[in-house]
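A.B. asks: Would you mind keeping the following structure in view while I ask a few things?
The values are calculated or read from the model by the stated rules, or taken from the named source; none is laboratory data. None of these values were measured; they are calculated from a predicted model. In this analysis, Cβ positions are derived from the backbone assuming ideal geometry, glycine residues included, and neighbour counts consider all displayed protein chains. Protein only, heavy atoms only, side chains kept; ligands, DNA and RNA dropped before computing areas. Shrake-Rupley method; radii C 1.70, N 1.55, O 1.52, S 1.80 Å.
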Amino acid sequence: MHELSVCEALLAQVRATATANGADGVGRITVRLGPLSGVEPDLLAQAFTIARNGPMTAEASLHIETQPIRLRCRDCGNENEAEANRLLCKACGSYRTDLISGDELLLARVELHGVSRHPTNSTDSEQQERPDHV
Amino acid sequence: MCETCGCSVPDQNHPTPADTHTVEVLRGLMDANDHAAGHNREHFNRTGTLVINLMSSPGSGKTQLLEHTARLVKDRINIAVIEGDLETENDAERLRKQGVRAHQIATGSACHLDAHLVHRALHDFPLEVDGQITDILFIENVGNLVCPAAFDLGQHVNVVLLSTTEGDDKPAKYPVMFRAADLVVISKSDLLPYMDDFKVERAEQALRGLGVETPVLRTAAGRQEDIASWIEWLDGQLTKHRQQQQVA
Ligand SMILES: Nc1nc2c(ncn2[C@@H]2O[C@H](COP(=O)(O)OP(=O)(O)OP(=O)(O)O)[C@@H](O)[C@H]2O)c(=O)[nH]1
Ligand SMILES: [Mg+2]
Ligand SMILES: [Zn+2]
Ligand SMILES: [Zn+2]
Ligand SMILES: [Zn+2]
């Protein structure tokens with residue numbers, strides 16, 4: 001199960017966001033998850049109860065927003081919802097479909113404690129993990 | 001709408017204390033891995049090496065396919081292999097016996113390779129040795145049809161093996177893995193006469209059910225060998241890769 005590694009990556013992002021905003025703790029963490037992301041919501045939630053122990057996140061809670069799988073058909077243009085192992089157009093049966101949603105694996109938002117001003121939304125400028133050589 | 005800070009997040013927990021605010025992040029959880037994968041790709045492109053990530057259930061025949069491939073092509077294509085296993089050097093040893101450069105990553109408890117592990121390996125295991133450039137680097141991932149699919153390693157191509165002894169409905173059971181494949185190899189096809197429940201057509205149908213046009217080919221890499229269509233596919237990939245590298 002790789003959910004523990006995914007959870008550690010999640011908490012690293014959460015702590016970076018908290019630090020960048022001068023927070024002293026984290027409340028509710030919201031993650032957006034699609035069935036085709038390869039991450040099981042239950043396993044992620046389970047991993048979270050272990051991984052959150054550490055600076056900033058010991059009191060944090062995880063909220064998972066599951067996204068539906070949606071397809072657009074390349075043959076007839078129809079859009080419909082689908083099951084993970086049946087990604088065919090419901091209108092014409094074609095397998096030439098594109099995924100509109102359903103593979104999300106995103107940190108959506110974080111509730112921060114101990115910040116008096118409303119924080120600026122995070123940008124890409126902080127923390128990109130760079131290998132320390134070329 | 002949050003009363004305290006004016007943020008647009010509806011939250012059952014409101015009203016919140018004045019020092020609590022919600023910040024939108026909207027960042028991919030795999031960003032750190034994907035960033036490292038991008039860096040690995042720079043390594044690969046520096047030598048023009050084509051990198052193929054091989055994935056399957058445990059025991060589907062990844063190492064054996066590589067052993068036979070090495071025997072057939074090593075005089076004309078310079079290949080190298082990075083092996084990922086929980087424990088042991090066994091698979092790397094098997095390839096070294098075929099005269100192929102091989103590096104073992106023992107992942108310990110991790111059930112998949114990630115871009116950082118591969119990156120560390122690349123620094124111990126260069127793609128250019130004594131002026132000799134590696135044409136194809138195979139990365140044999142940990143035998144597992146779930147976790148490896150979530151981690152980009154920087155490879156150019158994903159190959160997923162499905163052996164005839166493990167059931168033709170695997171693509172329907174592991175959609176994330178099979179959707180990630182650029183090629184599906186039906187391995188141990190020499191056993192098809194004995195595995196009367198495995199129908200290649202049904203495996204292909206299950207794959208189409210995932211909304212992909214991924215090509216499928218068969219290999220036999222046991223005592224009875226037939227991997228000609230695989231070698232042909234490899235040659236095609238290498239040619240295509242070299243053309244793309246020249247344009248870039
Ligand atoms: N009959 C037959 N047996 C095969 C074939 N390919 C592999 N095997 C056998 O299947 C077993 C597993 O093969 P490996 O190549 O070690 O499989 P693997 O996918 O590398 O296994 P892991 O690295 O442990 O996940 C060995 O006993 C091989 O001899 C094949 O094409 N035909
Ligand atoms: Mg192996
Ligand atoms: Zn796993
Ligand atoms: Zn359609
Ligand atoms: Zn590097």
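A.B. asks: Of the residues that sit in the stretch B:192-205 and are more than 20 Å from the chain's Cα centre (by Cα) and within 14 Å of chain A (Cβ to nearest Cβ), which one is least open to solvent (accessible area, probe 1.4 Å)?
C.D. replies: Among them, the one singled out is B:R202.
A.B. asks: Please note which strands (runs of 3 or more DSSP E) are completely contained in the stretch A:1-92 and include at least 1 residues that are hydroxyl-bearing (S, T, Y) and away from ligand 1 (no atom under 16 Å from the Cβ).
C.D. replies: In the stretch A:1-92, the matching strands (runs of 3 or more DSSP E) lie at A:25-33, A:61-66.
A.B. asks: Could you go through the stretch B:111-120 and let me know if any residue there is within 30 Å of B:A228 (Cβ to Cβ) and away from ligand 5 (no atom under 16 Å from the Cβ).
C.D. replies: no
A.B. asks: Hey, can you tell me all the residues within the stretch B:221-245 that are crowded, with 16+ Cβ neighbours inside 10 Å and not in a helix (DSSP H, G or I)?
C.D. replies: Matches in the stretch B:221-245: B:A221, B:I227.
A.B. asks: Can you confirm whether the stretch B:28-39 contains a residue that is open to solvent by 10 Å² or more (accessible area, probe 1.4 Å), modelled with pLDDT of 95 or more, away from ligand 4 (no atom under 16 Å from the Cβ) and assigned to a strand (DSSP E or B)?
C.D. replies: yes
A.B. asks: Take B:R120 and tell me if it is more than 14 Å from every other protein chain (Cβ to nearest Cβ), basic (K, R) and either assigned to a loop (DSSP other than H, G, I, E, B) or open to solvent by 40 Å² or more (accessible area, probe 1.4 Å) (or both). Don't jump to the end; show me each part of the working.
C.D. replies: Details: more than 14 Å from every other protein chain (Cβ to nearest Cβ): no; basic (K, R): yes; either assigned to a loop (DSSP other than H, G, I, E, B) or open to solvent by 40 Å² or more (accessible area, probe 1.4 Å) (or both): yes.
The answer is no for B:R120.
A.B. asks: Also, quick follow-up: Go through the residues of the stretch A:3-20 one by one and say whether even a single one is crowded, with 22+ Cβ neighbours inside 10 Å, closer than 24 Å to B:V142 by Cα and among the acidic types (D, E).
C.D. replies: Yes - at least one qualifying residue is present in the stretch A:3-20.
A.B. asks: When you check B:Q64 against the structure, is it under 22 Å from B:W230 (Cβ atoms), among the polar types (S, T, N, Q) and assigned to a helix (DSSP H, G or I), yes or no?
C.D. replies: yes
A.B. asks: Of the residues B:D114, B:D34, B:D85, B:D19, which is within 12 Å of another protein chain (Cβ to nearest Cβ) and within 16 Å of ligand 3 (Cβ to nearest atom)?
C.D. replies: B:D114
A.B. asks: Identify, please: which residue in the stretch A:70-117 is of a type in the set (V, I, T) and open to solvent by less than 30 Å² (accessible area, probe 1.4 Å) and is, among those, farthest from ligand 2 (Cβ to nearest atom)?
C.D. replies: Restricting to residues being of a type in the set (V, I, T) and open to solvent by less than 30 Å² (accessible area, probe 1.4 Å), the top hit is A:V115.
A.B. asks: Looking at the stretch B:120-172, which of the residues that are under 19 Å from the mean Cα position of the chain (by Cα) and among the β-branched types (V, I, T) is nearest to ligand 4 (Cβ to nearest atom)?
C.D. replies: Once the filter is applied, the top-ranked residue is B:V160.
A.B. asks: While we're on this one: I'm told B:G61 meets every condition in (1) within 11 Å of chain A (Cβ to nearest Cβ); (2) within 16 Å of ligand 2 (Cβ to nearest atom) except one. Can you identify the failing condition by its number?
C.D. replies: (1) is the only condition that B:G61 fails.
A.B. asks: Might you check whether a residue that is within 19 Å of B:A206 (Cα to Cα), away from ligand 3 (no atom under 16 Å from the Cβ) and either modelled with pLDDT under 95 or not acidic (D, E) (or both) occurs anywhere in the stretch A:62-69?
C.D. replies: Yes, the conditions are met somewhere in the stretch A:62-69.
A.B. asks: Continuing with this model, one more query. Can you spot a residue in the stretch A:52-69 that is at negative phi, aliphatic (A, V, I, L, M) and surrounded by fewer than 14 Cβ atoms within 10 Å (Cβ to Cβ)?
C.D. replies: Yes, some residue in the stretch A:52-69 is at negative phi, aliphatic (A, V, I, L, M) and surrounded by fewer than 14 Cβ atoms within 10 Å (Cβ to Cβ).
A.B. asks: What do you reckon, is B:D114 touching a residue at least 12 places away in the same chain (Cβ under 8 Å), touching a Phe, Trp or Tyr at 6+ places or on another chain (Cβ under 8 Å) and open to solvent by 30 Å² or more (accessible area, probe 1.4 Å)?
C.D. replies: yes
A.B. asks: Can you tell me how many residues in the stretch B:123-136 are more than 14 Å from chain A (Cβ to nearest Cβ) and either of a type in the set (K, R) or not in a loop (DSSP other than H, G, I, E, B) (or both)? Please lay out each step first, then the result.
C.D. replies: Our first condition is that a residue be more than 14 Å from chain A (Cβ to nearest Cβ); within the stretch B:123-136, this holds for B:125, B:127-136.
Going one step further and asking which of them are either of a type in the set (K, R) or not in a loop (DSSP other than H, G, I, E, B) (or both), we end up with B:128-129, B:132-133, B:136.
Residues flagged as more than 14 Å from chain A (Cβ to nearest Cβ) and either of a type in the set (K, R) or not in a loop (DSSP other than H, G, I, E, B) (or both) within the stretch B:123-136 amount to 5.
A.B. asks: Say whether the condition of being among the charged types (D, E, K, R) and in a strand (DSSP E or B) is met by at least one residue in the stretch B:200-207.
C.D. replies: no
A.B. asks: Quick one: count up the residues across the stretch B:139-191 that are within 14 Å of another protein chain (Cβ to nearest Cβ), within 16 Å of ligand 2 (Cβ to nearest atom) and in contact with a Leu (Cβ under 7 Å, 6 or more places away or on another chain).
C.D. replies: 3
A.B. asks: Quick check on this structure: which one of B:G59, B:G99 is within 11 Å of ligand 1 (Cβ to nearest atom) and surrounded by fewer than 22 Cβ atoms within 10 Å (Cβ to Cβ)?
C.D. replies: Matching residue, one of B:G59, B:G99: B:G59.
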